[in-house]
Amino acid sequence: MALIEARGNMVSMDIGFNIIEKKEHSNEIFKDRISIVEFLRQVYREEEIPLNIAVFGIDNLLYYSKEPERISRKIGNILQDAANFFVRRYYIIQIVVEEKIEIVETSEKPRVNYKDKQFLLYPIFGRVKQVDFKHFIAPLNLQS
């Protein structure tokens, strides 16, 4: 996949889920912003969303949930079920992580450190590709 200039923004992001660390990419975050809960609601209902959108709060949602592994799988299932919705329009979606993204075993399976807990991104996005420092990408048509 070639990097393209995000429509209306001066940053280069690829079509797909761009998982970025807020601190490292603060000047690249899209102006259209939404919470993870609202994003999932709109995606589930196949409501129109901006082509370039920044999604906040995935780490916060997992942190405060009683069963983060189950919630991660649920988010992944919603995104997988919406594959046709996503690929129809070539969305560039930023998943903005508030604290740290780190590689432990392999760059294909990074984890998020938020406050005093760690969460794997694999149950949500599957294997990801590292694009740059603290920038990972997953395709719009996530595989189970």
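The values are calculated or read from the model by the stated rules, or taken from the named source; none is laboratory data. Predicted model only: the values in this text are computed from it and were never measured. Virtual Cβ from ideal backbone geometry, glycine too; neighbours counted across all protein chains shown. The area values use the complete protein model at the heavy-atom level, side chains included, leaving out ligands, DNA and RNA. Shrake-Rupley method; radii C 1.70, N 1.55, O 1.52, S 1.80 Å.
Just a few scattered comments:
- Using the Cβ-Cβ distance between E46 and K129 with R0 = 35 Å, the FRET efficiency computed as 1/(1 + (r/R0)^6) comes to roughly 0.85.
- A simple charge model with +1 on the Cβ of Lys and Arg, -1 on the Cβ of Asp and Glu and nothing else charged puts the dipole of the chain at about 240 debye relative to its Cα centre.
- Gyration tensor (Cα) of the chain, equivalent ellipsoid semi-axes in angstrom: 20, 18, 15
- Think of the chain as having a plus end and a minus end, set by charges on the Cβ of Lys, Arg, Asp and Glu; of I15, V128, I36, I36 sits farthest toward the positive end of this dipole.
- Calculated accessible area for the chain comes out at 56 Å² per residue, all protein chains present (probe 1.4 Å; ligands, DNA, RNA ignored).
- Three-way shape call for the range 23-68 based on the alpha-carbon gyration tensor, with the a/c threshold at 1.5: oblate
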